[in-house]
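Just dropping this structure here.
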Amino acid sequence: MTEQITARLKVPVQYVKDPAEVYKTVSNTRDPGSAGKSVLLLTRNKGPFIRRCPGTSHYTCCGYRILHIGTYCSMDCAYCILQAYYHPPVLQFFTNHEKMETELKAFFGQKKTGRIGTGEFTDSLIWEAIHPIAGRLVDMFSRQHTAVLELKTKTVLVDNLPRSGHGGKTILAWSLNTERIISNEEHGTASLAVRIAAAEKCQAKGYPLAFHFDPMLLYPGCKQEYGRVADMLFERIDPENIVWISLGSFRFMPELKDVIARRFPDSKIVFSEFIKAMDGKMRYFKPLRIELYRSLIERIREKAPDVLLYFCMEDDEVWEKALGFTPDFFGGLARMLDKSAEKICGLYPER
Amino acid sequence: MQAEQESIDTALIDLSDQKYFYTDQQGIEELAGSVGFVGLISPPVLQAKHKGGFRVVAGFRRVSACISLNLEQIPARVITAETDALYCFQVSVADNAATRALNMGEQCSLVENLHNLCGTKEAVSQALEPAGLRVPPALVEKFIRLSKMPDEVRQGVSGNYLSLNTALDMESLSRASAIAVAGVFRKLRPGLNQQREILEGLRDLAGRGETSIDSMLEGPEFSDITDSYDIDRGRRFSLLRSLLYRKRYPALSRAEDAFYRRKKNLGIGGDMDLKPPAYFEDTVYTMILRFSSARHLCSHAEALGRICRHPDLEAILKREIEDTSDLY
């Protein structure tokens with residue numbers, strides 16, 4: 001696989017005995033966040049391919065699993081947590097797919113609903129340009145009925161996805177943001193209109209869809225602009241095909257502030273009204289988050305009253321005040337999402 | 001040191017030649033008084049110049065004091081025109097080290113001069129050590145950075161009202177903003193943590209892109225506080241801190257104001273206190289009761305009963321959202 005990828009990329013290749021050599025080289029640069037994007041490390045994943053989402057303490061998590069195909073991203077969002085999460089952040093793609101497939105087969109054997117995605121530690125679809133992996137995963141998931149795969153992206157690299165035979169077991173998901181934020185903060189990503197057009201293409205191929213308004217950012221006029229994003233979305237996408245929509249506001253480890261200020265001097269996103277939250281991360285003052293969520297939820301509900309909305313890493317007070325209920329009422333957040341996946345993606349785990 | 005002690009005509013000493021000048025020139029009048037009383041105990045070090053006359057290597061203040069006393073001749077140790085400049089600096093440092101510690105600003109000027117001569121921070125550090133001044137290479141680097149900053153910032157470091165690290169943290173500011181911040185520190189003389197707090201607050205506010213730090217500080221909202229010399233410095237600092245906080249955290253400030261207003265209505269005070277969760281993020285409040293007897297505790301119980309029925313407690317616990325529509 002390594003030879004195939006290097007032949008395709010036509011870039012200078014260097015073989016290293018130990019990935020630590022690459023980490024050291026990147027760490028010693030003035031800007032590891034940028035340097036980590038200029039090197040592609042093809043290596044073996046020595047740890048598990050399937051991991052629990054790290055989540056956070058004090059806030060409600062969804063019990064998601066991560067399929068760890070690679071790290072970091074070739075796009076360059078100012079707010080990206082991966083800049084501070086990895087030390088250093090390095091664009092790396094894991095090549096030992098036989099191990100990944102073995103782990104996936106064991107995962108499929110679990111007698112419970114599984115939700116897993118490749119888009120937490122990297123973008124799910126950037127790798128299609130160097131080594132198409134999504135098609136193989138779509139195929140694997142289509143042959144079982146206990147788990148869904150979520151491919152989460154800010155790209156539009158969906159043309160290689162199978163037109164049929166996916167069995168509805170792969171959810172195509174897009175991160176959405178306002179056009180202003182995409183233009184100013186999400187460098188190198190597809191525009192909003194193009195993302196929605198790609199989602200529409202996938203809808204036409206029968207794929208279930210999901211959308212993530214995360215991170216939502218506060219700025220003057222943001223409520224109106226997030227509302228317009230919802231309007232654009234539902235002009236093209238049928239809510240019946242949406243498995244879930246998540247909402248989350250910008251939150252970050254305190255050390256990310258300096259990284260953003262240094263790497264993106266024109267960005268203003270770290271200068272808002274942040275407080276140190278219960279999990280030690282910086283978050284917008286809670287009433288501001290609730291107000292922002294409420295306004296978007298209201299707009300989404302106008303067009304899609306039945307679509308499953310959930311919060312990523314918020315507490316019961318936010319749920320209650322912005323959505324009108326807490327996850328416990330429906331058996332917990334994980335159960336809510338499982339049920340939606342079972343219904344829309346046709347899962348039937350043996351219990 | 002190869003130097004002969006000679007009696008030198010003060011008219012031949014060129015004080016405008018500041019090749020080896022890096023010290024503050026304060027207290028010359030007092031020094032002149034002392035020289036007038038007991039004479040010059042420690043002669044300055046001069047270097048002969050190729051074109052005639054002398055430049056000062058060590059003892060600028062002493063020479064100035066003697067000139068102010070109209071002394072025509074003074075004793076001095078004279079080194080030759082051919083003496084290496086680095087060695088001259090080392091003599092000067094050693095001369096100073098024997099009498100007093102150089103302040104940060106003086107060390108900064110010295111390091112800047114030596115760096116031009118030696119080229120590397122390690123070489124500067126090594127050159128200073130035998131002269132009795134220990135400046136590790138990392139500190140040399142900091143002084144070199146400081147030397148490139150505006151005079152107002154350097155003066156702040158010399159004057160001990162601006163820490164070296166805070167000064168270096170101001171490198172990313174525009175020149176005008178760095179000067180404005182140094183001006184505020186000169187007026188308010190905040191401690192180290194307070195300097196950091198002010199700088200971070202100003203930087204965050206300016207980061208929103210609405211205005212620059214210097215414009216902000218020159219505006220009446222800030223300058224009315226910093227320039228109110230009829231108010232003592234500590235109070236002015238408190239007012240500045242409060243203004244910065246309210247501007248940085250407008251919604252949180254409103255929530256805090258509402259909480260304390262309602263808490264006041266509850267009649268809580270003295271040996272009873274109600275504390276909100278940090279930044280109102282959690283939903284758990286803390287009630288503190290201090291008591292010294294069962295009867296005292298019973299009186300708290302009665303007060304608690306009254307507080308529990310009070311509409312302001314309900315409002316506090318409901319955490320109704322203050323209107324923030326004007327903010328976003």
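For the range B:164-178, which positions are assigned to a helix (DSSP H, G or I) and surrounded by 20 or more Cβ atoms within 10 Å (Cβ to Cβ)?
If the condition is that a residue be assigned to a helix (DSSP H, G or I) and surrounded by 20 or more Cβ atoms within 10 Å (Cβ to Cβ), then B:166, B:167, B:170, B:177, B:178 are the ones that fit.
Is there a residue being away from chain A (no Cβ under 14 Å) and open to solvent by less than 90 Å² (accessible area, probe 1.4 Å) anywhere in the range B:280-287? Write out each step before concluding.
Of the residues in the range B:280-287, the ones away from chain A (no Cβ under 14 Å) are B:286-287.
When the remaining residues are screened for being open to solvent by less than 90 Å² (accessible area, probe 1.4 Å), the result is B:286-287.
Within the range B:280-287, one or more residues are away from chain A (no Cβ under 14 Å) and open to solvent by less than 90 Å² (accessible area, probe 1.4 Å).
Let me ask something else. Within the range A:323-333, is even one residue without any contact (Cβ under 8 Å) to a residue 12 or more places away in the chain and within 9 Å of chain B (Cβ to nearest Cβ)?
Within the range A:323-333, none of the residues are without any contact (Cβ under 8 Å) to a residue 12 or more places away in the chain and within 9 Å of chain B (Cβ to nearest Cβ).
Determine which single condition residue A:313 fails, assuming it passes every other condition in (1) open to solvent by less than 10 Å² (accessible area, probe 1.4 Å); (2) within 21 Å of residue B:277 (Cα to Cα).
Residue A:313 satisfies all of (1) open to solvent by less than 10 Å² (accessible area, probe 1.4 Å); (2) within 21 Å of residue B:277 (Cα to Cα) except (1).
Search the range B:245-279 for residues being away from every other protein chain (no Cβ under 14 Å) and among the acidic types (Asp, Glu), and hand back the single one that is least open to solvent (accessible area, probe 1.4 Å). Give the derivation first.
Taking the range B:245-279 first, the residues away from every other protein chain (no Cβ under 14 Å) are B:260-275.
From the residues that got through so far, the ones that are among the acidic types (Asp, Glu) too are B:271, B:273.
Values: B:271: 56, B:273: 33 Å².
Among them, the one singled out is B:273.
Given the conditions (1) farther than 24 Å from residue B:169 by Cα; (2) among the hydrophobic types (A, V, I, L, M, F, W, C); (3) in a loop (DSSP other than H, G, I, E, B), and given that residue B:135 satisfies all but one, which numbered condition is not satisfied?
(1)
Let me ask something else about it. State whether one or more residues within the range A:188-204 are in a helix (DSSP H, G or I), of a type in the set (A, V, I, L, M), surrounded by fewer than 19 Cβ atoms within 10 Å (Cβ to Cβ) and in contact with a Lys or Arg (Cβ under 8 Å, 6 or more places away or on another chain).
Taking the range A:188-204 and keeping what is in a helix (DSSP H, G or I), we get A:192-204.
The next check asks that each one be of a type in the set (A, V, I, L, M); those that pass are A:192-194, A:196-199, A:204.
Within this subset, residues satisfying the condition of being surrounded by fewer than 19 Cβ atoms within 10 Å (Cβ to Cβ) are A:193-194, A:197, A:204.
Now restrict to residues that are in contact with a Lys or Arg (Cβ under 8 Å, 6 or more places away or on another chain): A:197.
Yes, because at least one residue in the range A:188-204 is in a helix (DSSP H, G or I), of a type in the set (A, V, I, L, M), surrounded by fewer than 19 Cβ atoms within 10 Å (Cβ to Cβ) and in contact with a Lys or Arg (Cβ under 8 Å, 6 or more places away or on another chain).
Within the range A:250-272, how many residues turn out to be among the acidic types (Asp, Glu) and either surrounded by 16 or more Cβ atoms within 10 Å (Cβ to Cβ) or under 22 Å from the mean Cα position of the chain (by Cα) (or both)?
Let us first name the residues in the range A:250-272 that are among the acidic types (Asp, Glu), namely A:255, A:258, A:266.
Applying the additional criterion that residues be either surrounded by 16 or more Cβ atoms within 10 Å (Cβ to Cβ) or under 22 Å from the mean Cα position of the chain (by Cα) (or both) yields A:255.
So the answer is 1.
Let's see how each residue does on (1) more than 28 Å from residue A:57 (Cα to Cα); (2) modelled with pLDDT of 95 or more:
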position	(1), (2)
A:225	yes, yes
A:228	yes, yes
A:241	yes, yes
A:245	no, yes
A:262	yes, no
A:269	no, yes
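Considering each residue of the range A:213-249, count those that are open to solvent by less than 20 Å² (accessible area, probe 1.4 Å), more than 25 Å from residue B:204 (Cβ to Cβ) and assigned to a helix (DSSP H, G or I), and give that number.
Summing the residues that are open to solvent by less than 20 Å² (accessible area, probe 1.4 Å), more than 25 Å from residue B:204 (Cβ to Cβ) and assigned to a helix (DSSP H, G or I) in the range A:213-249 gives 4.
Within the range A:250-291, how many residues are assigned to a helix (DSSP H, G or I), more than 9 Å from every other protein chain (Cβ to nearest Cβ) and either free of Cβ contacts under 8 Å to residues at least 60 places away in the same chain or closer than 16 Å to residue B:255 by Cα (or both)?
Of the residues in the range A:250-291, 3 are assigned to a helix (DSSP H, G or I), more than 9 Å from every other protein chain (Cβ to nearest Cβ) and either free of Cβ contacts under 8 Å to residues at least 60 places away in the same chain or closer than 16 Å to residue B:255 by Cα (or both).
Name the residues in the range B:218-259 that are over 23 Å from residue A:272 (Cα atoms) and of a type outside the set (Asp, Glu), would you?
Answer for the range B:218-259, where residues must be over 23 Å from residue A:272 (Cα atoms) and of a type outside the set (Asp, Glu): B:220, B:223, B:225, B:226, B:228, B:229, B:231, B:233, B:234, B:235, B:236, B:237.
Quick one: which helices (runs of 4 or more DSSP H) lie wholly within the range B:1-101 and hold at least 3 residues that are under 19 Å from residue B:127 (Cα atoms) and in contact (Cβ under 8 Å) with a residue 12 or more places away in the chain?
Values: elements: B:28-38, B:60-68, B:85-99.
Result: B:85-99.
While we're looking at this one, here's another question. Would you say residue B:227 is assigned by TED's automatic domain parsing to the domain that holds residue B:242, more than 23 Å from residue A:270 (Cβ to Cβ) and at pLDDT below 95? Please lay out each step first, then the result.
Values: assigned by TED's automatic domain parsing to the domain that holds residue B:242: yes; more than 23 Å from residue A:270 (Cβ to Cβ): yes; at pLDDT below 95: yes.
Here the answer is yes, as residue B:227 does meet what is asked.
Which of the residues that make up the range A:292-310 are within 12 Å of chain B (Cβ to nearest Cβ) and either hydroxyl-bearing (Ser, Thr, Tyr) or surrounded by 18 or more Cβ atoms within 10 Å (Cβ to Cβ) (or both)? Give the derivation first.
Restricting attention to the range A:292-310, the residues satisfying the condition of being within 12 Å of chain B (Cβ to nearest Cβ) are A:292-295.
Hits for the range A:292-310 are A:292, A:293, A:295.
When you scan the range A:48-58, do you find a residue that is out of contact with any helix residue (DSSP H, G or I) (no Cβ under 7 Å at 6 or more places or on another chain) and not in a loop (DSSP other than H, G, I, E, B), even just one?
yes
Do you know which residues across the range A:72-111 are aromatic (Phe, Trp, Tyr) and outside any loop (DSSP other than H, G, I, E, B)? Explain how you work it out, then say what you get.
Narrowing the range A:72-111 to residues aromatic (Phe, Trp, Tyr): A:72, A:79, A:85-86, A:93-94, A:107-108.
Once the filter is applied, which keeps residues that are aromatic (Phe, Trp, Tyr) and outside any loop (DSSP other than H, G, I, E, B), the range A:72-111 yields A:72, A:85, A:93, A:94, A:107, A:108.
How many of the residues in the range B:88-103 are of a type in the set (Phe, Trp, Tyr) and surrounded by fewer than 20 Cβ atoms within 10 Å (Cβ to Cβ)?
Of the residues in the range B:88-103, the ones of a type in the set (Phe, Trp, Tyr) are B:89.
Subsequent filtering for residues that are surrounded by fewer than 20 Cβ atoms within 10 Å (Cβ to Cβ) retains none.
The number of residues fulfilling the criteria is 0.
How many residues are under 24 Å from residue B:167 (Cβ atoms) and away from chain A (no Cβ under 14 Å) when one looks only at the range B:197-238?
17
Ok, one more. Please enumerate the residues belonging to the range B:196-216 that are more than 14 Å from residue B:248 (Cβ to Cβ) and touching a residue at least 40 places away in the same chain (Cβ under 8 Å).
Answer for the range B:196-216, where residues must be more than 14 Å from residue B:248 (Cβ to Cβ) and touching a residue at least 40 places away in the same chain (Cβ under 8 Å): just B:214.
Determine if the range B:58-73 includes at least one residue that is of a type in the set (Val, Ile, Thr), under 30 Å from residue B:157 (Cβ atoms) and more than 30 Å from the chain's Cα centre (by Cα). Step through it out loud before you land on a result.
Going residue by residue through the range B:58-73, those that are of a type in the set (Val, Ile, Thr) are B:63, B:67.
In the following step, the residues that additionally are under 30 Å from residue B:157 (Cβ atoms) were identified as B:63, B:67.
Pick out the ones that are also more than 30 Å from the chain's Cα centre (by Cα) and you get B:63, B:67.
Looking through the range B:58-73, at least one residue is of a type in the set (Val, Ile, Thr), under 30 Å from residue B:157 (Cβ atoms) and more than 30 Å from the chain's Cα centre (by Cα).
Restricting to the range A:146-176, and then to whatever is assigned to a loop (DSSP other than H, G, I, E, B) and in contact with a Cys (Cβ under 9 Å, 6 or more places away or on another chain), can you tell me which residue is nearest to residue A:226 (Cα to Cα)?
Narrowing the range A:146-176 to residues assigned to a loop (DSSP other than H, G, I, E, B): A:146, A:154-169, A:176.
Checking the rest, the ones that are also in contact with a Cys (Cβ under 9 Å, 6 or more places away or on another chain) come to A:154, A:158, A:161, A:167-169.
Working: A:154: 17, A:158: 25, A:161: 29, A:167: 32, A:168: 29, A:169: 29 Å.
Taking the candidates together, the pick is A:154.
Something else about it: Which members of the range B:298-328 meet the condition of being closer than 27 Å to residue A:285 by Cα, open to solvent by 60 Å² or more (accessible area, probe 1.4 Å) and touching a residue at least 12 places away in the same chain (Cβ under 8 Å)?
The one that is closer than 27 Å to residue A:285 by Cα, open to solvent by 60 Å² or more (accessible area, probe 1.4 Å) and touching a residue at least 12 places away in the same chain (Cβ under 8 Å): B:317.
Could you tell me which residue of the range A:174-186 is surrounded by the fewest Cβ atoms within 10 Å (Cβ to Cβ), considering only residues that are more than 16 Å from the chain's Cα centre (by Cα) and not charged (D, E, K, R)?
A:183
Considering only residues that are open to solvent by less than 50 Å² (accessible area, probe 1.4 Å) and over 23 Å from residue B:94 (Cβ atoms), which ones fall in the range B:34-76?
Those that are open to solvent by less than 50 Å² (accessible area, probe 1.4 Å) and over 23 Å from residue B:94 (Cβ atoms): B:52, B:53.
The values are calculated or read from the model by the stated rules, or taken from the named source; none is laboratory data. Because the structure is predicted, anything quoted here is derived from the model rather than measured. Note that each Cβ is placed from the backbone with ideal geometry, even for glycine, and that neighbours are counted across all protein chains shown. Note: areas computed on protein heavy atoms with side chains; ligands, DNA, RNA excluded. Shrake-Rupley method; radii C 1.70, N 1.55, O 1.52, S 1.80 Å.
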